Structure formats: structure tokens, C-alpha cells
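Have a look at the structure below before the remarks.
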Amino acid sequence: MKYFVMLAGDGDVGSWDTLTPEEQQAVMAQFGAFDEACEQRPGVELLGGEALEEGTTATTLRTRSGEVTVTDGPYTEATEQIGGFYLVEAPELDTIVELCRVLPAYDVEIRPVVDFG
Amino acid sequence: MLVARTRRLDLAEDALSEAFARASDRWPTGGVPVNPAGWLYTTASRLVIGGLRAEAIHGRKVRLLAVDAGWVAPASVDELDTLDDERVALILLCCHPAVHPEARAPLALRLVVGTSTEEIARLHLVSVATMAARITRAKKKIVIAGIPLSSPVDDELRARLDGVCRTIYLAFTAGYAPARGANLLRDDLAGEAVELAAILHGLVPDAPQARALYALVLLQHARRDARVRDGNLVTLSDQDRSLWYDEELSAGMELVASLAPSEGYAEELRLQGFIACEHARASTAEDTDWSAIASHYLRLEALTGSPVVTLNRAVAVAESEGAQAGLAVLSGLDEALPHNHRLPAVRAELARRAGKIDLARASYDQALGRCTNDVERAHLLAQRNTLDQAH
């Protein structure tokens, strides 16, 4: 199965800009540990992942009654905003949940990806 | 391409649903197969394969069932041991944290006890359509999100046992004291929860919370026939103790006696078991050792900080030290239990005993304003009326 892993909000980590260089380094080390953990786990493959720019730089397209409107800002209006993502192949949910514990303490949403086969 | 894919997804979901349905039909009467999860998986897989027919079944496509990694009984495990392991795994699957909490007990009743969706809906006081949708959503979530049937030797299983026990106890209490409606007791639901607890205890006999849970529900359920008479609530003190099931009480007491001091939820259940034992031991209501019960409640209160436990302790204290002492324990609970009808009901009873008639009357009124269970309401009303007659 393929899972889309979204890292949202700042959770226990705190906003990136407010972190000391040492703290930033520690967070980066946790991302590295996640890569490592995925690599070592049989049946798991890290297919991709990126950090995203601030939600304020997002552009949202909405289609209503056939009409597409383009607006500034992220889709979610809540404070939780997506800061990055991974695309991971894993055999089942518990494996990916376990692996995500290695990540910095962001809020994480795990969503199965539709496989169009 | 999308259509093809969607059809396949449906196929996988339908196949698993169908496998679940067949299991629910067959297991209760025909007995649970040697390897239930494997049976489910095999049945669902066959249905998928049947549906896909000519298409070559690549391992990855069958994995639409998502649960394969855990489902297929590991070849290394002794076949004789897998029966129990797989049944634990099935209960654990229903209680996976990614399954909606409201769906866990219904799913467990459906899959492990084999209760029909209609019955589960009735027991949970929701419409059949609502319950069917809830169960379907949960099964879909399990399939699509890829929730595995965990290997029971995993530490994760031990970690999830508390949740499993809580789910079963929830199902039990839902039957023991339904929140609203005409029936005081739904002992059929409670009975099924007892059965689940028995299965769980049988599967992991060394797990303290499973043992304590089974003991507790056995002890409480043994009083079922004495709790209602002519459609009316019969409180513990007025129950005909000859209607209690002695064998169940003995079995429960023996289990409680075998429990070592523990911590967390297991200890909570053990202390509740002690209390149930005190009631079981008393051959008449007058013989009840209320001071022992009050001290068990005090420990339980320290462990849980639950205001409901304090409320129960007030009753025990009133019995052992007098109504006035019981009333004192109640003070300060109103803020914590603003909607609970038992708080004013207990206060009313204690006030009546202490001769505080005005407080008793006001408290009965408050309790009646909050209580939604018809049988309990009738009981409260009758109590209030005796108050008016006496004074």
C-alpha cells in the first residue's frame, strides 16, 4: 500500500523560525532517522518527500458550479497547515504509524493513496 | 482505468464484507474455524480472485485487502497455537486505535460473538441503518487504510489490551444500565460482553486486566435476575439473593483472589472486583462489610480521581458510618457531576435517612429532572411519594 504522510502544524516542535540552530539540527536529524528507519524496514520504501513553503505562499483552486476560482492562501483555514509530506510504500497501517514515531513531533495525517493499478 | 480500479476496490471491500458476513452466519452455529483470521482472509481472497477471474493475480493486487501481512498465519507458528492467537488478533483488530471508538464494541460483537447487526443496533439504541453504516464504515476503514491483524506476540498487543478491556466493559455496562428507554437491564448484551471477556481471558490468561475484567463482569452479571422485579428496579439491599447465580459468583471470587496487585486499568478492575466480592460474600444485605467496601472505594478514588467513584464511596460510608457521614462525602461533587441523576438520587436517599426531609424532596426532584431511564424514574417517584406520605 502507498501512504501519503502529511506533517501538519508545529505540534511539540515549535515554529521553525523560533528554533535555535541546535534545535533545527536535532529536527533535521530526526528526519534523517526516519529516512534510515524506512530504508531498513523490509517492505517499506520512501517514494518521495518534500518540505513545503509557508501556507501564506499557497494558491488554492476551487471549482463551484463549473466555475474555477483561484485564491490566495491554503485550502485549510485552520491553524494546522501542511509543512511537508512523504510518500511511503508500506505493507500496512501499523508499520507506517510506527515509523512516523521517529519523526519530529509534528501532527501527522496518514492517508492511503488510491492505487490506479 | 479509473472505472477498472474502482471496481476492484469495491471488489476487495465487498469480498471482505462478505467474508465477515459468512463468518457471522457460520461461526456461532458451526463453530469457529481452526484459523478464523486465515479463514476470513482466504474466503475474501477467493471472492476477490473469483471476481477478477482471468486477470492475473499479482501478489500486490490481492494486497488490496491490506491486512495480508498480519492476516496470513505465520508459517513458523505452531498450528495448534494459532487458534487462540488469531482470535485475540480479531478482537484487537476491532479495537485498533484507528477504528472509530463507537464502532469498536459493535464490530467486536459482530465478528467475535456473531451478534446480528439488527440486534447490535437495538442494543445500542440506534437504528439498524445507523448501526449498519457504522459497521460498514469501520470495515471499509480497516480495508482501505490497511489496518493489520496484529501478531498477538507483539508488545503492541499488550499495550492495546487495556483498550480492549475498556471496550468490552463498555459493552457490558451498556447492557447493565442502559441510559434511556423502558428496560432497566439488557442482560442479553451484558451476557455477550461477559462471553467476550471470557474469550479474552482464555486467550491471554496471564494478562491481569483481562482476568480482572472477566472476574468483575462475572460477579456483576451473576445478580442479573435479582435486579428487576415486575419491571421495577430492585436495589442491591432488597434483592432476593437466592436468585444470584452462585457458581458464577464463586468463579468470579476465585479469579479475584488470584489477582496480584497491579497498576493502571488492571488495578482499577481488581479493586472493583474486591467490591463485587464483598457483596457476593454477604448472605444477607445486613451482613455486607460496608467499611471494607468504603476502603476499597477510597483506593479506587485515589487511583482514578473519578467523581463517580466518590459517589459510590459516599453510599458505602453512609452504610458503615451513617447517613450524615455519607452526605459529607457528597459535598463538592455537584460541580464534577452536573448532569448525573445518581448524585441527587443518592443525596435524597441519605437525606431521608438523616431526617432532612426538605433536602430529600428537593434532591428527588432534581434526580427526576435528570433521569431518562423509565424504570429508574418510577423507582425515584415511588421513593419521593413515600416521603410525602410519611410527612
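The values are calculated or read from the model by the stated rules, or taken from the named source; none is laboratory data. Worth saying up front: this structure is predicted, and the values here are computed from it rather than measured. FYI the Cβ positions are ideal-geometry reconstructions off the backbone, even for glycines, and counts take in every protein chain you see. What goes into the accessible areas is simple: the full protein's heavy atoms, side chains included, and nothing from ligands, DNA or RNA. Shrake-Rupley method; radii C 1.70, N 1.55, O 1.52, S 1.80 Å.
Things to note:
- Residues being part of a strand (DSSP E or B), exposed (fewer than 12 other Cβ atoms within 10 Å of the Cβ) and not small (Gly, Ala, Ser) - total across the stretch A:34-52: 1
For every residue, the table says whether it meets (1) within 14 Å of chain B (Cβ to nearest Cβ); (2) without any contact (Cβ under 8 Å) to a residue 12 or more places away in the chain; (3) under 29 Å from residue B:159 (Cβ atoms).
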site	(1), (2), (3)
A:27	no, no, yes
A:31	no, no, yes
A:49	no, no, yes
A:56	no, no, no
A:70	no, yes, no
A:74	no, no, no
A:103	no, no, yes
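- Restricting the search to helices (runs of 4 or more DSSP H) fully inside the stretch B:301-390 and requiring at least 3 residues that are open to solvent by 40 Å² or more (accessible area, probe 1.4 Å) gives B:307-321, B:342-353, B:357-370, B:374-390.
- Meets criteria (farther than 16 Å from residue B:198 by Cβ and under 19 Å from the mean Cα position of the chain (by Cα)) for residue B:278: no
- Residue in the stretch A:76-90 that is open to solvent by 90 Å² or more (accessible area, probe 1.4 Å), touching a residue at least 60 places away in the same chain (Cβ under 8 Å) and not in a strand (DSSP E or B) present: yes
- Only a single criterion out of (1) closer than 24 Å to residue B:388 by Cβ; (2) touching a Lys or Arg at 6+ places or on another chain (Cβ under 7 Å) is not satisfied by residue B:358, namely (2).
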